[in-house]
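Some notes on the structure that comes next.
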Amino acid sequence: MKQVAATALILLLLLFLIPLLVFRGNSSEDTPEEEEIPVLTPAPSGVLDTETTITVRQSDGTTQTLALGDYLWRVVAAEMPASFEEEALKAQAVAARTYAMRRMASPPAAHPDAAVCTDYTCCQAYITPESAASNWGDKADYYTAKIKNAVSGTDGVVARYNGALIDAVFFSSAAGRTVDAVEVWGNSVPYLTSVESPEGEEVPNWRSTVTVTTQEFRDTFLAAHPEAQLDGDASTWFGTVETNSGGGVSTIVVGGVTVKGTEMRTLFSLRSVNFTVSVSGEEITFSVTGYGHGVGMSQYGANALAKEGKTYEEILEWYYTGITLEPIEGTS
């Protein structure tokens, strides 16, 4: 009887202990909690952006007329990560609105029937709400409202210099400073001067490398500059480097030929002109910082400024020197 009782006691203990062990194995310490997605109520569209319409040439060649606010939502959603700070998204919305209003005043020859198109190489990036929601997954409602609030929160605001709409160019990330427009495009623009930009290692792929063999480098460079002398030790191919206002390569001597940093960026698919060159054996490596042409507003810099507490007005005035921010009423 004692043996039976002991066995029964052991079985009873096991019945209680096994569930405890199972539940302890799935405690909150061992299983990461799912990120809670905030609830955000979208603000109504602004009056100025609703009353203003814009004709958009779609990728299939058709045109569509949208309220300006609806178009701007599609641009901001495509041009800037929705996870960015709201003030950065607002700055992007103003830059996009300013660009659109300039195009409305003078449609490009590529599509005279529409002020803008959806090809980012011609106009601005563009994404439909359906495609954006698919990309965002379970955060779709939150990000949809967040971008809508950024657009409506800047209703009708554009950037001007001496009364004229500015060329509100922007890029992804800088390597400490932006670049004066004259150094990239040859035209001096008073509001596109070099300024400090605060982003850094938090930027994805802020530092990148491109490595090619010496033979690949020789073939590529000689195709563009057959007069270059690229014989012997590859470490002797590279000479004097002149830097621009953003700290990037303005010009570099390669094989006795002086070339622009922008050309080197194109030839070797570099993310920016902020690069250094090193040679190791039969390989040449470009070490690159930042991404983009470097002129105007840095998007990651705008986000960094927003995290510091800067408003969208302060962000825009930081990157576009001497501008004023005004409503679109009276635009000609």
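The distance between label points at residue 37 and residue 136 comes to 0.9 nm (points 7 Å beyond Cα on the Cα→Cβ vector). Close amide H pairs (under 5 Å, H built 1.01 Å from N) link residue 254 with 239, 259, residues at least 5 positions away or on another chain. Across region 238-299, the volume of the C-alpha convex hull divided among the residues equals 84 Å³ per residue.
Pair-distance distribution of region 177-312: all C-alpha pairs, bin width 5 Å, starting at 0; shares per bin in whole percent are 2, 10, 18, 21, 17, 12, 9, 6, 3, 1, 0, 0. Estimated at 0.36 nm per residue, the fully extended path between residue 219 and residue 285 surpasses their Cα-Cα distance by 22.2 nm. Here the accessible area is traced with a 1.4 Å probe on the protein chains. For region 104-170, carbon and sulfur cover 50 percent of it. Which log10 I(q)/I(0) values does region 133-173 give at q = 0.16, 0.18, 0.24, 0.30 Å⁻¹ under the Debye formula, counting every alpha carbon as one identical point scatterer? Once normalised to I(0) and log-transformed, intensities are -0.65, -0.74, -0.88, -0.94.
For region 129-185, what is the charge dipole size about the Cα centre, in debye to the nearest 20, if Lys and Arg each add +1 at the Cβ and Asp and Glu each add -1 at the Cβ? Can you show the working numbers first?
On the way: 5 positive and 7 negative charges, 30 e Å.
The calculation lands at about 140 debye.
Annotation: amide H-H contacts under 5 Å for residue 117 (H modelled 1.01 Å from N, sequence separation of 5 or more, or interchain): 57, 123, 124. Kirkwood hydrodynamic radius computed over the chain comes to 23.2 Å, based on all pairs of distinct alpha carbons. Once the Cβ-Cβ distance of residue 113 and residue 233 is raised to the sixth power relative to R0 = 45 Å, the FRET efficiency obtained is 0.20. Largest first, the extents of the alpha carbon coordinates of region 138-197 on the three principal axes equal 44, 31, 18 Å. Convex hull volume of the Cα atoms of region 55-161, normalised per residue: 101 Å³.
For the chain, the Cβ-based charge dipole about the Cα centre amounts to some 260 debye (Lys, Arg positive; Asp, Glu negative; other atoms uncharged).
Within the shell of other residues whose beta carbon sits under 12 angstrom from the beta carbon of residue 253, the net charge comes to 0, with Lys and Arg scored +1 and Asp and Glu -1.
Once the other residues with Cβ under 14 Å from the Cβ of residue 327 are scored (Lys, Arg +1; Asp, Glu -1), what is the net sum?
Working: positive: 97, 160; negative: 49, 51, 155, 313, 326, 329.
Value of the local net charge: -4.
Here the Kirkwood formula, the inverse mean of 1/r across different C-alpha pairs, assigns region 277-327 a hydrodynamic radius of 13.6 Å. Using heavy atoms of the protein chains and a probe of 1.4 Å, the accessible area assigned to residue 141 is about 130 Å².
Placing dummy labels 7 Å off each Cα toward the beta-carbon, the span from residue 106 to residue 53 is 2.6 nm.
For region 116-262, the C-alpha radius of gyration sits at 1.45 times the compact-globule guess of 2.2 N^0.38 Å, with N the residue count.
Between the residues 106, 65, 92, the greatest Cα displacement towards the positive end of the dipole of the chain, with unit charges on the Cβ of Lys, Arg, Asp and Glu, is found for 65.
When the chain is modelled as a GNM with alpha-carbon springs shorter than 10 Å, which of 145, 110, 234 fluctuates the most? Judging by the Gaussian network model, the answer is 110. The dipole here belongs to region 103-237: it is taken about the Cα centre, uses +1 on the Cβ of Lys and Arg and -1 on the Cβ of Asp and Glu, and is about 520 debye.
The values are calculated or read from the model by the stated rules, or taken from the named source; none is laboratory data. Note that the structure is predicted; figures quoted are calculated from it, not measured. Heads up, the Cβs are rebuilt from the backbone with ideal geometry, glycines too, and the neighbour counts pull from every protein chain shown. To get the accessible areas, we keep the full protein, side chains included, count just its heavy atoms, and leave off ligands, DNA and RNA. Shrake-Rupley method; radii C 1.70, N 1.55, O 1.52, S 1.80 Å.
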